[in-house]
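Taken together, the values in this text are just the output of simple stated rules run on the coordinates, not laboratory data. Keep in mind that this is a model prediction, so the values were computed, not measured. No Cβ is skipped: glycine too gets one built from the backbone with ideal geometry, and neighbour counts run over all protein chains shown.
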2 protein chains.
Amino acid sequence: MGVERYDAPDAATVAEVVRAALHEGAVVTAEVDCEVEYDGRTSGYLGRGDRLVVAKPDGTLLVHQPTKHKPVNWMPSGGTVVTDVAEAADQPVIVARRSNPRERVEVRVHETYGLTRFDADDAAEYEESGTEAEMHEYIEANPDCLEDGMRIVEHERETKYGFVDFYAVDASGTPVVVEVKRVQATLTHFDQLQRYVSLYREDGAKRGADTDAGDVRGMLVAPSASTRVKRACRDAGLEFVALPDFETDATDVTDATLADFD
Amino acid sequence: MGVERYDAPDAATVAEVVRAALHEGAVVTAEVDCEVEYDGRTSGYLGRGDRLVVAKPDGTLLVHQPTKHKPVNWMPSGGTVVTDVAEAADQPVIVARRSNPRERVEVRVHETYGLTRFDADDAAEYEESGTEAEMHEYIEANPDCLEDGMRIVEHERETKYGFVDFYAVDASGTPVVVEVKRVQATLTHFDQLQRYVSLYREDGAKRGADTDAGDVRGMLVAPSASTRVKRACRDAGLEFVALPDFETDATDVTDATLADFD
DNA sequence: GTGTTTATTTCGGGG
DNA sequence: CCCCGAAGTAAACAC
């Protein structure tokens, strides 16, 4: 929980402080004028400018420009961050590497305005509600919200082409493949459902030519869908089901249900 | 390009420095003990712990735990970041909001270890090569890499269900829909191609029942693909084409070509 | 503004 | 390890 601050440190200090901090589990932030080079999945170069550099002890490296959410260059956790001093120019150089995929970020520092070592102590974990997983739980507990008489047969059913959110059966016994989305449905989601339904229809056709191979319903469940998606569903014989106002307070419903068992 | 540093500032100082910095276009970083609340697309809560908070003048807010690439909480650019002091506890509170979607991040600061104002001057833009766009250029210039006798008819052809990377014709005059991926092909990519091909086949069927409506080839081009994807392609009558070792050094080729014109 | 697609996506879960 | 799909995806780009 301590912070150590270095103002306009020289190259050797930068290299040593960063090395020691990361080794000892501390986070380092630096305000620098630098240029950046990336080589790996693609390659790229960022000319000189003022940036915020963050290095974490898990190998994460972030280079932030003064705007935007995403770092302009980075390395995800799992790699290693090392610092060195380029002899010729007496400049600190921060290099982050990893293998799989093999990639490398090099930050050549021209000027270090400031450097901070932060021994952060954080045991908390983020808790979230309103996720798709919770939506699944809600549907599993209340299959009638999809359609009266619906019965869930299997959740996350594995097929040779991937996972189906729900495999269900409607009131008349017809199988229903259900794909659930927490956000407005897109063409990609339609694609997913289409893939699963095609599979079931093929399998149905194999089981027997006399049975109606198309006797499988596909259901895309989401709070909304664009016109294009609705049309695609209609054209492909799939159904879009608007699950209205699935609010994050669905947890309240679950809580109430659980309370009923007390 | 200047940095101002505040050690263990009090709540009023934090609020004022953050306000002034963001208003004047500077980036602020703070090492704090805080709790965080998010409400918007989902909702969530993060209990007390030491974190690095970054606020940018474009409305970006980042809350970083000591590990991982992604911030545990954030607000993308475009919103507003305001600071205040909770009277009761004399704590700084940083709130980022935006509409569309309507969401809000609240950082309740229990202790501020350090605060930095960074007047960053950065005009550089990141330049990247080895992207999918370059892969497209390569294919357009060398269609034979897909298959001997292939001719590109159209690049980025628009359809009512989205864009097709290439619309081509093979040596025998059969149309080929081509979907190109820079990374290993996934089922999602297969889905995309499948959607386009279905469309072309439907259109073919509409044009004339006597012509073979299935007379369209679909080609998924990528450096590799999982077994599942290859099987899906085979089953759907689509082709997977491994475009071997398309390296980022394709830029070298370009450079050499450009040099030839000197 | 919506709608769609890409991404050095990152991340987590399961086999 | 790979494979797969979610994400508060963000960001670019077309309409």
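Maximal additional length on extending the residue A:202-residue A:235 stretch stands at 10.0 nm, based on 0.36 nm per residue less the C-alpha distance. Compared with the direct C-alpha span, the chain from residue B:6 to residue B:142 gains 43.1 nm at full extension, assuming 0.36 nm per residue. Inter-copy label distances at residue A:188, using a point 7 Å along Cα-to-Cβ, come to 0.3 nm with the shortest given first. For chain B, the longest principal axis of the alpha carbon atoms and the long axis of helix B:11-23 meet at an angle near 40°. The charge dipole of the stretch A:42-109, taken about its Cα centre with unit charges on the Cβ of Lys, Arg, Asp and Glu (plus for the first two, minus for the last two), comes to roughly 340 debye. Radius of gyration over Kirkwood radius for the protein assembly as shown, both on Cα atoms: the Rg/Rh ratio is 1.03. What shape does the stretch A:2-119 have by the C-alpha gyration tensor, where a ≥ b ≥ c are the square roots of the eigenvalues, rounded means a/c under 1.5, and otherwise prolate means a/b greater than b/c and oblate the rest? Taking the square roots of the gyration eigenvalues as a ≥ b ≥ c, the stretch A:2-119 is rounded. For the stretch A:82-162, applying the loop criterion from DSSP together with a ceiling of 12 other beta carbons within 10 Å to the GluC sites (Glu not before Pro) yields A:87, A:125. With neighbour counts taken as other beta-carbon atoms within 10 Å, the residues B:191, A:33 rank, fewest first, as A:33, B:191. Chain B residue nearest the rotation axis toward A, with distance: B:191, 2 (Cβ to axis, whole Å).
Principal-axis analysis of the Cα atoms of chain B puts helix B:227-236 at an angle of about 50° to the longest axis. Taking a straight line from the alpha carbon of residue A:230, these aspartates and glutamates sit under 15 Å away, with near neighbours fewer than eight places off in the same chain left out: A:179, A:191, A:239.
For the stretch A:91-150, the list of trypsin sites (Lys or Arg not before Pro) that fall in a loop by DSSP and count at most 10 other C-beta atoms within 10 angstrom reads A:102.
Report the net charge of residues surrounding residue A:87, where surrounding means a beta-carbon distance below 14 angstrom and charges are Lys +1, Arg +1, Asp -1, Glu -1. Kindly include the intermediate steps, with their values, before the conclusion.
Values: positive: A:108; negative: A:10, A:84, A:90.
Once positives and negatives cancel, what remains is -2.
Relative to the longest principal axis of the Cα atoms of chain A, the long axis of helix A:250-260 makes an angle of roughly 60 degrees. What shape does the stretch A:107-222 have by the C-alpha gyration tensor, where a ≥ b ≥ c are the square roots of the eigenvalues, rounded means a/c under 1.5, and otherwise prolate means a/b greater than b/c and oblate the rest? Since a/c reaches 1.5 and a/b is larger than b/c, the shape of the stretch A:107-222 is classed as prolate. Between residue A:133 and residue B:16, the distance separating the two model label sites (each 7 Å from Cα on the Cα→Cβ line) works out to 4.5 nm. Placing a label point 7 Å from Cα along the Cα-to-Cβ axis, residue A:234 is separated from the same position in the other copies by 3.9 nm, shortest listed first. Which of the GluC sites (Glu not before Pro) across the stretch A:18-83 are loop residues per DSSP, with 11 or fewer other Cβ within 10 Å? Here the GluC sites (Glu not before Pro) that fit, given the DSSP loop and packing criteria, are A:24.
The calculated P(r) of chain A, using every Cα pair and 10 Å bins from 0, goes 6, 22, 18, 14, 18, 15, 6, 1, 0 in percent. For residue A:144, the label point sits 7 Å beyond Cα toward Cβ; its separations from the matching points on the remaining copies run 6.9 nm, from shortest to longest.
Per residue of peptide A:56-67, the mean number of Cβ atoms on other chains within 10 Å of the residue Cβ is 6.
Counting 0.36 nm for each residue step from residue B:126 to residue B:104 and taking away their Cα separation leaves a gain of 4.9 nm. Ordering B:219, B:1 from the fewest to the most neighbouring beta carbons within 10 Å gives B:1, B:219. Partner shielding of B:228-238 amounts to 2, given as the average count of beta-carbon atoms from other chains within 10 Å of each residue beta-carbon. Taking a ≥ b ≥ c as the square roots of the eigenvalues of the Cα gyration tensor, the stretch A:1-71 is classed as prolate, since a/c reaches at least 1.5 and a/b is larger than b/c.
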